[in-house]
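The values are calculated or read from the model by the stated rules, or taken from the named source; none is laboratory data. Because the structure is predicted, anything quoted here is derived from the model rather than measured. So basically every Cβ, Gly included, is an ideal-geometry build from the backbone, and we count neighbours across all protein chains shown. The area values use the complete protein model at the heavy-atom level, side chains included, leaving out ligands, DNA and RNA. Shrake-Rupley method; radii C 1.70, N 1.55, O 1.52, S 1.80 Å.
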Amino acid sequence: MWPPTLLRWAVTTLLILAVIAPTSDSVTAVRRRLRKPAKVSTSVSSSISRSTDQVLSASVNRPKIRGRPTVASRKSSAAIDNSVTTDHHKDKDGYKIVCYYTNWSQYRTKIGKFTPEDIQPDLCTHVIFAFGWLKKGKLSSFESNDETKDGKTGLYDRINALKKANPKLKTLLAIGGWSFGTQKFKEMSATRYARQTFIYSAIPYLRDRNFDGLDVDWEYPKGGDDKKNFVLLLKELREAFEAEAQEVKKPRLLLTAAVPVGPDNIKSGYDVPAVASYLDFINLMAYDFHGKWERETGHNAPLYSPSSDSEWRKQLSVDHAAHLWVKLGAPKDKIIVGMPTYGRTFTLSNPDNFKVNSPASGGGKAGEYTKESGFLAYYEVCEILLNGGAYVWDDEMKVPYAISGDQWIGFDDEKSIRNKMRWIKDNGFGGAMVWTVDMDDFSGDVCGNNVKYPLIGAMREELRGISRGKDAKDVDWSSVAASVVIEVTEKPEPIKISLSDVLSKVKKPVKTMIVRNNNAAIFDKNKREPQILCYLTAWSSKRPSAGRFMPEDIDPKLCTHVIYAFATLKNHKLAEADDKDAFLAAADMYDKVIALREKNPNLKILLAIGGWAFGSTPFKELTSNVFRMNQFVYEAIEFLRDYQFNGLDVDWEYPRGADDRAAYVSLLKELRQAFEGEAKTSGQPRLLLSAAVPASFEAIAAGYDVPEISKYLDFINVMTYDFHGQWERQVGHNSPLFPLESATSYQKKLTVDYSAREWVRQGAPKEKLMIGMPTYGRSFTLVNETQFDIGAPASGGGQAGKFTNEAGFMSYYEICDFLREDNTTLVWDNEQMVPFAYRDDQWVGFDDERSLKTKMAWLKEEGFGGIMVWSIDMDDFRGSCGTGKYPLITAMKQELGEYKVRLEYDGPYESSSPNGQYTTKDPNEVTCEEEDGHISYHPDKADCTMYYMCEGERKHHMPCPQNLVFNYNENVCDWPENVEGCTHHTQAPAARR
């Protein structure tokens, strides 16, 4: 038993804890959950925070204005608290301070000139370099000194050098901006090809220049297509950034965007939940609410709107804009609220009438350093205030403005910035974004108190608790600057008008329908010529003497398509195959093959990747990461275009299993979508996409989603050969059309007829199936010379051919030599509809003119799309067999002469109506779709010396000066040699009078 004293002590302790613990917990919980309500404010605090509309100076009258309860709940008592606090950090790194740096600030003069070295490395958490540019749909630089060149360090490297002093600093490159306009974004985001072209240029561009991410400043998407395409652009960027990070084992590139505050802009162009889901943070451009485009004064960035605003203008405030983004679905902690280090200025119509919403004749005078009317950097505002300008604090808007004669300036100072920082913390936003770092008083020599970066420094103090220095003080402009007296006029109560009355007077728009009769010129698109796809192997040029085959040996009119086999992969990108023993380098061979089009312009030439020797593993690795795969796709397009191929043939031998099946579909889908998009963008004929696929029913079942791949392929090349060969221990034909009656049920499936039907049964359109035709045979060595029928025992492959030099394999011209030898027996198999031959212990199963004509008759009856030949270099290209050159391919071509393929497949890339005609927009037509008077420039594709200037929706046709042509990538008139396709430009014909 415990001693009585000890027991009493224990009971007493437990009772005390029981009383205290709930009280303590409940208090803690309340503090965590509740924000101090506005209505709790005492009369003292109320009089301080709301008693005045305008705080001018101590000597000025302070008329009382009734507070507005609509925003009172969001106004914090912190508005009168000047202490530095760092509570409520949004993430492990605290609040963000995101600073934009502009590459044109280098051109300002005197105290305005700004260089990357002027930035304090620990001033901001993120620095965004504004702006990059787009050239041919790819990310590029804008200013001539952005890049390091000629031994001179560029601005990119100078900005990123800040990370040496502050390794935690993140730098991003921004693309877009107001001057960039919207049209380039419309074009870049319109198709998956255009988006992916940009994305896969951006990733290496950012990595090579040591940026940590990309900032997208589209000002602004508008309407259904733009809204959808903006989301797709961000989605695909984020997916690619994630995949690339996984691939290169580096931190993922950041993705941010600058977004508008105007309610109309937000609602018409932004699917907010979707946009927010892909962005790391959202840079809310909470400024430019009012400016010289209006005819009454208004503050650049009011925290709250003044009571004198109209109902519509009441939406134009930092508080309203930020909460609108939240209301529409953006997480608060992703919203980085914009803070301007500049002011918007007006010229007053009447200098005596200078309150907010007073009449103005236009923008204010340009600053000495920024040189733009209606606009002043903070250090330029300071100069005005120090030289007689009057300072006015507006306690409704929680921001100041200045008056100097007829000049009116709405700006932010340290007081308003601190106010906004406390508002950011009270409302749970993610931090502050600064436009721009170069317009604060970066030298500390202008505004007073000798403080560098007074505005951004105040943000850093408030949000991150980092002092500007023990002697640093805010400038109290109310005591430093001049003052003015403001009279307040009571306005009558607004008259309410019923919404139903307004709507009843509005005329509903009448929808006009234009009906076009397209029946006048309908062409039958139901049929086409059969295709003859001929593979040409790279190694055929290495065969000895009479077997050596070169591209110039091809009759250019023999095949409809030539497929050059094979290219390879290097670092998961399409590349020329390296072969030290090759007769010519791959690039030279490509040129020779492409030269065939000079004799037959209709000949299509594709490049194949893969093959049996290449194997399956490189394809598995390629498709295992979306970044690798998509990079391959977009690099491949460039590769094919550079060498002037007409398409790509994918020979994955073979996908196997559920993962491979899905990956194969993804690869083909990505290729086809990119090919479609590139064609629309470039104006060139679309690149073709084909694939070599197996004949084996087992291989089809194991790795091919037939209906899906059929959507994306132009041709499905079925390898209906190699049914039997030296890997077996009994003789069998290479490519039997039909089976033997005596064959097992399994063996009966190893025929051309069964394989082709199996592809159809699985969902392949007949018109896309190209049935494989071999120009070679498979040979065996017989165990017993007296047993030579199909199924006879074999010890292995037959003797290697003189030129092909491979056991168990003979080209057709080598078979001809075999047939000429004495004691050779030629047999026609009436069941399999193919020949075979034997002599002594050598046996070969092959195709000749008779068997191939038989197969053509079968193909026409079945309605297949054409033939694929493996390979053109193994037909008798020299005519040594005695029936002319290319006897096999010629026989097939003749047999297919009058045949027409019926086109019945209705896939996503085929016309929905087989009889329908595609109607396309004139690719040379320029349509102006700029918003809000944006100016953009477009080439006149019919005349290099002319260009179009879009001013909003107005189009102007403009000439370049004499001897110059328009350079779209630079938006200037340039020397012809600098513009691709305009080196030998021709003047437009004179207009007819």
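Where strands (runs of 3 or more DSSP E) fall entirely within the range 138-241, those with at least 3 residues that are touching a residue at least 24 places away in the same chain (Cβ under 8 Å) and open to solvent by less than 10 Å² (accessible area, probe 1.4 Å) are at 170-176, 213-217.
When you scan the range 468-488, do you find a residue that is under 18 Å from Tyr287 (Cβ atoms), open to solvent by 10 Å² or more (accessible area, probe 1.4 Å) and either touching a residue at least 60 places away in the same chain (Cβ under 8 Å) or of a type outside the set (D, E, K, R) (or both), even just one? Among the residues of the range 468-488, not one is under 18 Å from Tyr287 (Cβ atoms), open to solvent by 10 Å² or more (accessible area, probe 1.4 Å) and either touching a residue at least 60 places away in the same chain (Cβ under 8 Å) or of a type outside the set (D, E, K, R) (or both), which makes the answer no. Touching a strand residue (DSSP E or B) at 6+ places or on another chain (Cβ under 6 Å) and among the hydroxyl-bearing types (Ser, Thr, Tyr), is that true of Tyr712? No, not satisfied. The helices (runs of 4 or more DSSP H) found entirely in the range 244-336 that carry 2 or more residues being modelled with pLDDT of 95 or more and either open to solvent by less than 10 Å² (accessible area, probe 1.4 Å) or of a type outside the set (Val, Ile, Thr) (or both) are 272-278, 318-327. In the set (1) hydroxyl-bearing (Ser, Thr, Tyr); (2) assigned to a loop (DSSP other than H, G, I, E, B); (3) open to solvent by less than 20 Å² (accessible area, probe 1.4 Å), Tyr379 fails one condition alone, (2).
The conditions of being in contact (Cβ under 8 Å) with a residue 60 or more places away in the chain, in a strand (DSSP E or B) and surrounded by fewer than 22 Cβ atoms within 10 Å (Cβ to Cβ) are met by Trp393. In the set (1) open to solvent by less than 70 Å² (accessible area, probe 1.4 Å); (2) farther than 19 Å from Ser735 by Cβ, the condition left unmet by Cys816 is number (2). No other residue among Ala613, Ala595 is assigned to a loop (DSSP other than H, G, I, E, B) and open to solvent by 20 Å² or more (accessible area, probe 1.4 Å) apart from Ala613. Residues considered: Ser811, Ser795. Of these, the only one that is surrounded by fewer than 17 Cβ atoms within 10 Å (Cβ to Cβ), among the hydroxyl-bearing types (Ser, Thr, Tyr), over 30 Å from Arg528 (Cα atoms) and in contact (Cβ under 8 Å) with a residue 40 or more places away in the chain is Ser795. In the range 968-990, the residue that is surrounded by the most Cβ atoms within 10 Å (Cβ to Cβ) out of those that are over 25 Å from Ser936 (Cβ atoms) and at pLDDT below 50 is Thr986. Tallying residues that are surrounded by fewer than 16 Cβ atoms within 10 Å (Cβ to Cβ) and touching a Phe, Trp or Tyr at 6+ places or on another chain (Cβ under 7 Å) within the range 119-137 yields 0. In the set (1) farther than 19 Å from Val626 by Cα; (2) at pLDDT 95 or above; (3) in contact with a Phe, Trp or Tyr (Cβ under 9 Å, 6 or more places away or on another chain), Leu237 fails one condition alone, (1). Helices (runs of 4 or more DSSP H) fully within the range 667-771 that include at least 1 residues being open to solvent by 10 Å² or more (accessible area, probe 1.4 Å) and among the β-branched types (Val, Ile, Thr): 752-762. Annotation: of all residues in the range 827-854 being touching a residue at least 12 places away in the same chain (Cβ under 8 Å) and in a loop (DSSP other than H, G, I, E, B), the one that is nearest to Leu782 (Cα to Cα) is Asp841.
Could you say whether any residue in the range 625-643 is touching a Phe, Trp or Tyr at 6+ places or on another chain (Cβ under 7 Å), in a loop (DSSP other than H, G, I, E, B) and under 25 Å from Ala190 (Cα atoms)? Checking the range 625-643: not a single residue is touching a Phe, Trp or Tyr at 6+ places or on another chain (Cβ under 7 Å), in a loop (DSSP other than H, G, I, E, B) and under 25 Å from Ala190 (Cα atoms).
With respect to the stated conditions, Ser105 fails to be under 19 Å from the mean Cα position of the chain (by Cα), among the polar types (S, T, N, Q) and either surrounded by 20 or more Cβ atoms within 10 Å (Cβ to Cβ) or under 24 Å from Arg252 (Cα atoms) (or both). Got a number for residues in the range 556-585 being open to solvent by 30 Å² or more (accessible area, probe 1.4 Å), on the phi < 0 side of the Ramachandran plot and in contact with a Lys or Arg (Cβ under 7 Å, 6 or more places away or on another chain)? Matching residues across the range 556-585 total 4. Scanning the range 233-263 for residues that are over 11 Å from the mean Cα position of the chain (by Cα) and small (Gly, Ala, Ser) yields Ala243, Ala245, Ala257, Ala258, Gly262. Condition test on Val650, is it outside any helix (DSSP H, G or I), among the aliphatic types (A, V, I, L, M) and in contact (Cβ under 8 Å) with a residue 24 or more places away in the chain? Yes. Of all residues in the range 349-362, those being surrounded by 20 or more Cβ atoms within 10 Å (Cβ to Cβ) and in a strand (DSSP E or B) number 1.
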